[in-house]
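> This is the structure I want to talk about, given as structure tokens.
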2 protein chains.
Amino acid sequence: MNEFELIRRYFTRPARRARLGVGDDCALIDAHGTLAISTDALIEGRHFLSEVDPEALGHKALAVNLSDLAAMGAEPLACTLALALPAPRAQDSGWMQAFSHGFNTLAERYDCELMGGDTTASPLIMISVTIIGQVPPEQALRRSRAQVGDDIYVSGYLGDAAMALAWLQAGKAPPAALRQRLERPEPRVALGMGLRRIAHAAIDLSDGLSGDLQHILTASAQSGTSPLGASIDLEQLPTSPEFEQAASGLTPEQKWHYQLAGGDDYELCFTAPVSKREPIAQAAAQAGVEVRRIGHVERDSGLRWLKQGQPVTLKLQSFDHFIDTSLKHTAA
Amino acid sequence: MNEFELIRRYFTRPARRARLGVGDDCALIDAHGTLAISTDALIEGRHFLSEVDPEALGHKALAVNLSDLAAMGAEPLACTLALALPAPRAQDSGWMQAFSHGFNTLAERYDCELMGGDTTASPLIMISVTIIGQVPPEQALRRSRAQVGDDIYVSGYLGDAAMALAWLQAGKAPPAALRQRLERPEPRVALGMGLRRIAHAAIDLSDGLSGDLQHILTASAQSGTSPLGASIDLEQLPTSPEFEQAASGLTPEQKWHYQLAGGDDYELCFTAPVSKREPIAQAAAQAGVEVRRIGHVERDSGLRWLKQGQPVTLKLQSFDHFIDTSLKHTAA
């Protein structure tokens, strides 16, 4: 099977919204208004292990990109996939079918049409996905629009994926619910779109709340001034029962580390004025996603962790690709 | 330097057409009408050698994608870059500056704004670029619209890049003009746009004329019928003086192999009705690109090579990533 047959067999679907699907020099699709564009790469041994479940890998490769659209309040339109992989994988129809099934199923669920594909031989698996969405420009949820006094929210639970990864790295099978959260994150697309005109700023949580929230606070500073700051109530961090159980032998500090610096949550963190608490509750209910108010934005730079109103000192480090040499996170 | 600083330092430019540049979850840009989308990946050791000139690599990574837009008659709008590379490269500011300069310079020349970036550590260099252009949908140059009787044209010269690569692989320094054609292909964007409403079908030449023209002939067959065919006049293949000189010791068959199956030309091959010869000459002159009429489309499947009207038998094989294990082509 050559590269053209690979694309035709595994990734060419009947065009739905596209005028012209994969197979020409370019694919063609109609768009209206403002495009939201993002790109992410996943590298074998870095973002996932070689023995990863290929169906989960296909799902996650697209899910992390859809999560970027969600954080912008954008509606999915189209995506592209560059897939480099060793020839034996390309010839392994079970692997290819599972990978493409994971990818294509999620793409169809979000009506996000695959508009460009490139497959090439490579010593290790590398996946790069670019995603294109649409959003009315004045309604896009930018990182830079947080204001002093805003409430800070997160969706879903924090720490589940990081806990599952820790179990895997320790050679233990994680509880199914946690593993699911690591392998098949559910992008919060409906919630992001529902927060248009309500939230001030949003980001998706890929590297851990503490680092990702800091991006909002830095981007939202007035030009030439210090970053904004925040107080976070540690007792409000949304925690799943499965996480509680899996973390039963840990100290509070260890649990908070998973929840604040573990990464791979793919939940939304957003800020909104106090006056919007009711519309936010409605948007969350409509999207079928729990959201939790965990703190608020302050003028003074820095993240302040509170427990029963008292400051708690935490040493947290977010992941950085060129500093940390351990595996970042994995899809299985 | 971490991944965020890398993107900020080397790839974040003042937004020109974009509403919001790199640095948020997504970038934002306005679009109108139909998008043309394509993606290409370049892998170290597969598409280029490790000791590649980084400035040429940056240029070529974008040029091959712009060439896909050109083949569609589309106007560049935006691009994304996923760059995976070993940490020592990321820390090498000379390498990074040269690579980003090659990429950014070409992007600015074609007003093709970088709208998404991802950098990540990896054992080897992998570059994936997605490009987005715009084209009035009914004017897009599809592969599938060739008709029996159409003239077949190519732009520029054929075989220069393949000849330069052969010299490099033999350990010899190729003539500067040929090396330039290998390292810094010039995408035929203006020509592609000029061929709207004139040409029937087009493709860009990445794997060699014989294989790429076959894609047009296969795609243009009526549903359920055999591919169309073509006759090509070997004496009309456009040949640069530098190629002639570099190939002076070769047989005609060897020269034709470089020109028909060598790959990496990044010229346009297109078909048009006989009635359009004058408008095509005008479009080519306006784009500042030579085009040559080399044959015509026929009903009978297969490629027929002619010399002085007599058939010539050639054994040609186009490159396939999962069959050929040698280096495909290189940017230096």
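The values are calculated or read from the model by the stated rules, or taken from the named source; none is laboratory data. Since this is a predicted model, take the numbers as computed values, not measurements. Glycine also receives a Cβ, built like all others from the backbone with ideal geometry; neighbour counts cover every protein chain displayed. The accessibility values were calculated without ligands, DNA or RNA, using every heavy atom of the protein model including side chains. Shrake-Rupley method; radii C 1.70, N 1.55, O 1.52, S 1.80 Å.
> Before we move on, is A:Ser220 open to solvent by 60 Å² or more (accessible area, probe 1.4 Å), touching a Ser or Thr at 6+ places or on another chain (Cβ under 7 Å) and in contact (Cβ under 8 Å) with a residue 12 or more places away in the chain?
no
> Now a separate question. Could we say that B:Leu158 is buried (at least 24 other Cβ atoms within 10 Å of the Cβ), in a loop (DSSP other than H, G, I, E, B) and touching a Pro at 6+ places or on another chain (Cβ under 9 Å) here? Before you say what the answer is, go through the steps one by one.
Details: buried (at least 24 other Cβ atoms within 10 Å of the Cβ): yes; in a loop (DSSP other than H, G, I, E, B): yes; touching a Pro at 6+ places or on another chain (Cβ under 9 Å): yes.
So B:Leu158 passes the test.
> For region B:232-332, which fully contained helices (runs of 4 or more DSSP H) count at least 2 residues that are closer than 24 Å to B:Val148 by Cβ, away from chain A (no Cβ under 14 Å) and at pLDDT 95 or above?
Passing ranges, in order: B:277-287.
> Answer with yes or no whether B:Ala177 is surrounded by fewer than 21 Cβ atoms within 10 Å (Cβ to Cβ), aliphatic (A, V, I, L, M) and outside any helix (DSSP H, G or I).
When the stated conditions are applied, B:Ala177 does not pass them.
> Among the residues of region B:16-27, which ones are touching a residue at least 24 places away in the same chain (Cβ under 8 Å) and crowded, with 17+ Cβ neighbours inside 10 Å? If you could, list the steps in order and put the result at the bottom.
At the first step, the residues of region B:16-27 found to be touching a residue at least 24 places away in the same chain (Cβ under 8 Å) are B:16-18, B:21-22, B:26-27.
Those that are touching a residue at least 24 places away in the same chain (Cβ under 8 Å) and crowded, with 17+ Cβ neighbours inside 10 Å: B:Ala18, B:Gly21, B:Val22, B:Cys26, B:Ala27.
> Would you mind stating whether A:Gly33 is open to solvent by 10 Å² or more (accessible area, probe 1.4 Å), in contact with a helix residue (DSSP H, G or I) (Cβ under 8 Å, 6 or more places away or on another chain) and under 19 Å from B:Val135 (Cα atoms)?
Criteria met by A:Gly33.
> Just the residues that are under 14 Å from the mean Cα position of the chain (by Cα) and of a type in the set (Ser, Thr, Tyr), please, taken from region A:260-287.
A:Tyr266
> Please find, among A:Ala36, A:Ala63, A:Ala90, the residue that is touching a residue at least 40 places away in the same chain (Cβ under 8 Å), closer than 25 Å to B:Ile127 by Cβ and not in a helix (DSSP H, G or I).
A:Ala36 is the lone residue from the list that is touching a residue at least 40 places away in the same chain (Cβ under 8 Å), closer than 25 Å to B:Ile127 by Cβ and not in a helix (DSSP H, G or I).
> Considering each residue of region A:39-66, count those that are facing chain B (nearest Cβ under 7 Å), open to solvent by less than 10 Å² (accessible area, probe 1.4 Å) and not β-branched (Val, Ile, Thr), and give that number.
Within region A:39-66, residues that are facing chain B (nearest Cβ under 7 Å), open to solvent by less than 10 Å² (accessible area, probe 1.4 Å) and not β-branched (Val, Ile, Thr) number 1.
> Which condition from (1) among the polar types (S, T, N, Q); (2) facing chain A (nearest Cβ under 8 Å); (3) surrounded by fewer than 20 Cβ atoms within 10 Å (Cβ to Cβ) is the one that B:Thr80 breaks?
Just one mismatch for B:Thr80, condition (3).
> Moving on to the next point. Can you name every residue in region B:83-108 that is of a type in the set (Ser, Thr, Tyr) and either open to solvent by 10 Å² or more (accessible area, probe 1.4 Å) or within 13 Å of another protein chain (Cβ to nearest Cβ) (or both)?
Within region B:83-108, B:Ser93, B:Thr105 meet the criteria.
> Just the residues that are under 17 Å from A:Arg277 (Cα atoms) and among the acidic types (Asp, Glu), please, taken from region A:148-162.
Matches in region A:148-162: A:Asp150, A:Asp151.
> Count, please, the residues in region A:135-149 that happen to be assigned to a helix (DSSP H, G or I), open to solvent by 40 Å² or more (accessible area, probe 1.4 Å) and touching a residue at least 40 places away in the same chain (Cβ under 8 Å).
The qualifying residues number 2.
> Which ones in region A:194-204 are surrounded by fewer than 24 Cβ atoms within 10 Å (Cβ to Cβ) and either without any contact (Cβ under 8 Å) to a residue 60 or more places away in the chain or within 13 Å of another protein chain (Cβ to nearest Cβ) (or both)?
A:Arg197
> Moving on to the next point. Within region B:40-51, identify whether any single residue is outside any loop (DSSP other than H, G, I, E, B), at pLDDT below 95 and touching an Asp or Glu at 6+ places or on another chain (Cβ under 8 Å), and answer yes or no. I'd like the intermediate steps shown before the answer.
Taking region B:40-51 as the starting set, the residues that turn out to be outside any loop (DSSP other than H, G, I, E, B) are B:40-44, B:48.
Applying the additional criterion that residues be at pLDDT below 95 yields B:40-44, B:48.
Those still in the list that are touching an Asp or Glu at 6+ places or on another chain (Cβ under 8 Å) too: B:40-41.
Scanning region B:40-51 turns up at least one residue that is outside any loop (DSSP other than H, G, I, E, B), at pLDDT below 95 and touching an Asp or Glu at 6+ places or on another chain (Cβ under 8 Å).
> Within the group B:Asp92, B:Asp111, B:Asp53, which residue is among the acidic types (Asp, Glu) and over 25 Å from the mean Cα position of the chain (by Cα)? Spell out how you get there, then give the answer.
Numbers: B:Asp111 fails: over 25 Å from the mean Cα position of the chain (by Cα); B:Asp53 fails: over 25 Å from the mean Cα position of the chain (by Cα).
Only one candidate passes the filter, namely B:Asp92.
> Determine, yes or no, whether B:Thr120 is under 17 Å from B:Asp204 (Cα atoms) and facing chain A (nearest Cβ under 7 Å).
No: the conditions fail for B:Thr120.
> Okay, next question. Quick one: A:Asp207 ticks every box in (1) open to solvent by less than 30 Å² (accessible area, probe 1.4 Å); (2) assigned to a helix (DSSP H, G or I) bar one, so which box is it?
Every condition holds for A:Asp207 apart from (2).
> Would you mind stating whether A:Arg17 is farther than 22 Å from B:Leu42 by Cβ and more than 12 Å from every other protein chain (Cβ to nearest Cβ)?
Criteria not met by A:Arg17.
> For B:Met72, which of the numbered conditions (1) more than 7 Å from chain A (Cβ to nearest Cβ); (2) aliphatic (A, V, I, L, M); (3) surrounded by 23 or more Cβ atoms within 10 Å (Cβ to Cβ) fails to hold?
Result: B:Met72 fails condition (1) only.
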